[in-house]
1. Among (1) free of Cβ contacts under 8 Å to residues at least 12 places away in the same chain; (2) touching a Ser or Thr at 6+ places or on another chain (Cβ under 9 Å), where does Cys173 come up short?
2. Can you tell me which residue is least open to solvent (accessible area, probe 1.4 Å) among those in the stretch 410-449 that are over 23 Å from Gly103 (Cα atoms) and aromatic (Phe, Trp, Tyr)?
3. Sort out which residues of the stretch 111-127 are at pLDDT below 95 and farther than 20 Å from Thr157 by Cβ, and write them in order of number.
4. Of all residues in the stretch 143-162 being in a loop (DSSP other than H, G, I, E, B) and either more than 19 Å from Lys114 (Cβ to Cβ) or acidic (Asp, Glu) (or both), which is least open to solvent (accessible area, probe 1.4 Å)?
5. Hey, which of the helices (runs of 4 or more DSSP H) in the stretch 767-874, taking only ones fully inside, have at least 3 residues that are of a type in the set (Asp, Glu), in contact with a helix residue (DSSP H, G or I) (Cβ under 6 Å, 6 or more places away or on another chain) and in contact (Cβ under 8 Å) with a residue 12 or more places away in the chain?
6. From the list Leu516, Leu496, which one is modelled with pLDDT under 95 and not in a loop (DSSP other than H, G, I, E, B)?
7. Residues being among the polar types (S, T, N, Q), at pLDDT below 90 and either assigned to a helix (DSSP H, G or I) or farther than 13 Å from Leu879 by Cβ (or both): count how many of those fall in the stretch 895-920.
8. Conditions first: (1) touching a helix residue (DSSP H, G or I) at 6+ places or on another chain (Cβ under 6 Å); (2) open to solvent by 20 Å² or more (accessible area, probe 1.4 Å). Glu348 passes all but one, so which condition is the exception?
Amino acid sequence: MAESPDCRSLVSASSQLNLMEIEIDDKEFDIPQVDTPPTLESILNEPEDEDEPFILEDTCLLNTENIDAHSCETSSLASSDSGDLEMNATVHGSVLRRNVLKGISAQIVSAADKVDAGLPTAITVSNVIAVGTSHGLVLVFGKHNQALRLCLGTTATGAEYGAVSALSINHDCTRLLCGFAKGQITMWDLANGKLLRTITDAHPPGTAILHVKFTDHPALAVCNDSGGSVFELSFRRVMGMRTCESRCLFSGSKGEVCCVEPLHAGLELKDHPISQYSLLAMASLTKILLIGLKPSLKVWMTFPYGKTDPASVPLLAWQFVAVQKTINPVLAFCRGDTIHFLLVKKDESGTIHVIKQRQLQLNCDLISLSWINPRTLVLMDSTEKLRVVDRPSQEELETVDMAELQLVYNSSHFKSLATGGNVSQALALVGEKTCYQSVCSYAGQIMYLGTKSVHIMTLRNWRERVDHLLKQEKFMEALSLAWSFHEGTAKAVLGLFADPAKRKGVVADKMVEILLQYVDRSLKKCPEQGKIQVMEQHFQDIVPVMVDYCLLLQRTDLLFNQIYPRLVENSVARGVFLESLEPYILSERIGCLTAAVMRDLLSYFQENGMMDSVEGCLVHMDITNLDIQQVVQMCWDNQLYDAMIYVFNSGMNDYISPMEHVVMGNKMLVYISCCLAGRAYPLGDIPEDLVPQVKNQVFEFLIRLHSVEAAQEEEVYPYIRTLLHFDTREFLNVLALTFEDFKNDKQALEYQQRIVDILLKVMVDNSDFTPSQVGCLFTFLARQLAKPDNTLFVNRKLFDQVLEFLCSPDDDSRHTERQQVLLELLQVGGVVQFDEERLLDLAEKAEFYQICEFMYDRKHLYNKIVDCYLKDPLRKEELFNYIHNILSMPGYSSEEKQLVWVKALQHVKDLVSINSAKTAELVAVHFADEVQSIITSLQVCSIGLDVEGLNPQTVLRLGPDLHELLVDLQCQFSPQQVTAFLKTSQDYRLEEAIQITEKHKLHEATAYLLEKKGDVQGAFEVLLQSDEVQSLLRRVEEALHDIIALCQRSSHGLNQQQREVCVFSPDCFSLSSALKELTMKVLNSMSSFIAPPAIIQRILQDPVYGKGKLAEIQGLILGMLETFNYEQVVCVCVCVCHYICHWSPCSDSIFESHISYLNELLYVILNSYFMCSCGHLYHCQCLQRKEVGVLSERQYSWSCYKCTSNQGSRPADRSSEESSRSRSTSLAQVSRSHFTINMLSEATLDAQQTQAWDHFRTLYRGPSRLAVLTELTHSHGNERPGLSNPVHPGTGSIYHSENFQLKLSPPPLVEE
């Protein structure tokens, strides 16, 4: 293979082709090399119906991190530093210039009318433009003058060959190949219009020519017919005879090719290493094939489409692209809405690589694909709309509607109508939207053939795109587009210098021109009449844009010397301009204004009361060109202290005057801090050469004895004194930060000692300062003295003096404050300045228990810290956590823990008085073995532990006697909690507990214990004779006596009518009615567990109801009947279920009309109730609570709780016995043997449960359910074999027992 050409020659060629360099990694989307490339024969024998698409790229390579940044950039002014300008949408303007070739269009129409040339069918372009017609003629026009140069062929030939279906011009524009609808191919000499060859045997007869293409080799071409085959045409001239040899490259019998595209390198790239292979891309209905024709036929790659719309058109297009200064061909292909790109390159070893690059996904079906330059694609969709797409960024730049073109389609040729339509249905379907011969591109131009016109599309140059927007008066869009050209982020750029400096210079000049036009237009378009707000809004939309672009171009001279003078003519525009400068000044994008603009700015802000804006702008600007005196005076007048400080510092290098005149406050503290730290106020830094001088000046200022204009009564050191009074802590923090920098500066160290001496002199023995302020001073001193490189000297007696001052027992004021100050002093290292024994003694006298704790902690006397907590009324609650931490956390010795344990045990009474619940928790964790002794000691003092407040996770095992003692204590001190405690605790003895509750007359607790013991009658009597019930009856009786006495006393003063009103008032009988209602509730509740005859008999024997009317007991009887009906229905259904499950599993007769209701009721019964063979019925939840079931394989096997309890055996012991009763087992158990219910998941059924349910439903097949119900309702005395009473030897049903009863509750009342 030939070696790669010199890289420099390729770069020069790329500059001639206007190829733009793109930085892309060579290894990106690289396809692994194939050891043995496929042959044409193997490809032809591949099945066409491929289910799995052949994916080349690795999915991880599609990550955007692998795409170079340059290829993904977008042009947006908002992405740059553009201040307040907001332009979210990228502006591209009009990218394409659309022209109609009027001369050619007119001649096409004229030829069709005058010489019967027919309608246009195909077009191709090179140095000339050739248009084929439906009557077999080819019209050749000049490219520049559009004059008709040649008319090739005749109508007679056209009648024989059919319409022109394909055209192609060779690279030197000397030959024209013409394919016809009936299969013939002719070659013409474009110099003289002579027919050179007529080829009739190059492909099978009876098929139309779809494509005919010259390759870069002068004697080689390819053609594609409607049979889907591809042939190579070799032209030769021997002994004056022109011949053509044909070779089949692809047979349509194995897959129909409908598009071919050879790679054309052109003269500039004729030496490219890929050119020698004569690459040919072919698109069939299922795959793309890339083959090399030279030096021998070779298949380089195949790529299937995957799943696509069968009506979509396969498209191919080649383009040379510069990638990392190397030019290589890229094949773009698509079918449908996805465009794929393949980069073909040859490395230094001579190996050919086909690299899959990032694909382009669209939302439309494409029918045309063309490159207009190496970065830009022009696509046409099925709605005949052109879409200009930037390939690197995949951004759509413009959409152009081409409907008026009336594009020519090649459908008739793909259907081969001229030869009888002998094509496949798939190819005919694709041919509905094919327009291969109506679109051609050459040298950055794309031509489209319509039925009556020819349109040409070219890229506009950058200046034309900007001017196009200016003509529409879209100045903001024009500026945005121009700025994208300036920054090099625009797409589809044409006509700009590659050198960035030259490019920016040219575009900047254009932008200046636009800005000046924009100013003039804004003034002319300003509304002259109307509200002032309308004018302000008009300029607010325009002026910030001008300011922003002037700053982006770094042309403040243009802004202040040309634009501002024009805007001053309009007062509203002037105000908007000055206000718009503020955000740019604050962001420091504008640092210097001209004198005129600065003067106008200050004047405008002052006139409009915007003094805060003045201050904000002043501290961000260079004020050397201002009138300092005027600015200072304005700042004084308006109390702009920040601005005044800035003016003094920046304008006059004076850092002392602001402190002499400005009011003291936080601002002054911050200013002093900045000066001592070398920072400028309010922002920036002090010049390095001035930093030492400024620090010395500030210290000299602080230690002055008197102020400049001091009065006679002024105390010494007024500045330090004032700052200390304002905020002692913050001022000392400023000094501390400053002292950090004083290491090797001898003079600064002297200032440091001097300031400390002054602080001590001012604050010690001065009643003007609080203990907290004095403590702050000594804390500050302790921190400084604790430093390893400390050079300060402080008399230790001063610390003793401060200690006595803070621990003075005679001063009860500010007790907490004094303790906190001393504690902070000790924590920062001040403890070394004191005698510890004396300190501890003073702290105890002053009741500074936190100080004592601090000192004991240093000595590891943790047991004494317990006393500190007990004595401190504010921290008693924290003692429990402290003891727990000492006893449970590592880091303490066993002796230390033992001392704390003993101390806590000694003070357990005090702990209980603080918080009994936390004490109980502490005892349970750490004093479990001492519970008996603790409770005994507490019992003597009548103090109780709150055992109920224990954490549930805390396990405390107490004996029965202690539990009974706790019950006794609760009966005395918390009687309302006794019953709840008895229900939760199980460690007491019943008899002793009953005696305790009876002793304290707690009837509710006594009744609960008797019920638990089994003495229900005794519990009933206790509740009935309780004080509450008896008291209630006595109060009712007393109330009745009072009412009767009142009526008797007042009757003599009332007439007959008034007496009747009082005596027969409804309120007088309400009590009797209420008593009757209570009686009815009792009797009604009895009906669920007492036989109705017994209830009725008791009612009739009662003297109250024995002499009344039936209406008085009507409600009671109706309620009993309703309960009876409910139980009867449930009983019948249960009997039916029992019969179905036991006696009729195989019958086939079903009455579907009666099953729906039964299903619902049966489902409720099966899932809610459990009935045993003994006749007892339970709720399933109750049985779960009593734990009478045995869990096996996630199913419960139940047993009767009552019978099991009476027999004294556990359910688990009887599980085997119960499971052996196959016929006499309960209904719920039988049903659950088929219908598996997962006890852990009530909402859904798994597969096994669903299968079991289906099996259970099959068991319904049996005798008529209606017949069963009818028979069950008959008298129980009529026992005979039948459906309801089948005879089975050895087996008896529970429903045959006359004593069988359902123990149910009445149905709940549901409110609608």
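The values are calculated or read from the model by the stated rules, or taken from the named source; none is laboratory data. Just so you know, these numbers come straight off a predicted model, no measurement behind them. Here the Cβ positions follow ideal geometry from the backbone for every residue, glycine too, while neighbour counts run over all protein chains shown. Quick note on the areas: whole protein, heavy atoms, side chains included, nothing else; ligands and nucleic acids left out. Shrake-Rupley method; radii C 1.70, N 1.55, O 1.52, S 1.80 Å.
1. (1)
2. Within the stretch 410-449, the match that is least open to solvent (accessible area, probe 1.4 Å) is Phe414.
3. Asp113, Ser126, Asn127 - these are the residues of the stretch 111-127 that are at pLDDT below 95 and farther than 20 Å from Thr157 by Cβ.
4. The initial filter retains those residues of the stretch 143-162 that are in a loop (DSSP other than H, G, I, E, B), namely 143-147, 153-154, 162.
In the following step, the residues that additionally are either more than 19 Å from Lys114 (Cβ to Cβ) or acidic (Asp, Glu) (or both) were identified as 143-145, 162.
On the way: Lys143: 49, His144: 174, Asn145: 113, Gly162: 10 Å².
Step by step, filter the stretch 143-162, then rank; the result is Gly162.
5. Working: elements: 771-785, 796-806, 815-827, 836-845, 849-859, 862-871.
Where helices (runs of 4 or more DSSP H) fall fully within the stretch 767-874, none carries at least 3 residues being of a type in the set (Asp, Glu), in contact with a helix residue (DSSP H, G or I) (Cβ under 6 Å, 6 or more places away or on another chain) and in contact (Cβ under 8 Å) with a residue 12 or more places away in the chain.
6. Numbers: Leu496 fails: not in a loop (DSSP other than H, G, I, E, B).
Of Leu516, Leu496, the one residue that is modelled with pLDDT under 95 and not in a loop (DSSP other than H, G, I, E, B) is Leu516.
7. Restricting attention to the stretch 895-920, the residues satisfying the condition of being among the polar types (S, T, N, Q) are 898, 906, 913, 915-916, 919.
Now drop any that are not at pLDDT below 90, which leaves 906, 913, 915-916, 919.
Now drop any that are not either assigned to a helix (DSSP H, G or I) or farther than 13 Å from Leu879 by Cβ (or both), which leaves 906, 913, 916, 919.
Adding up the residues that qualify gives 4.
8. It is condition (1) that Glu348 fails.
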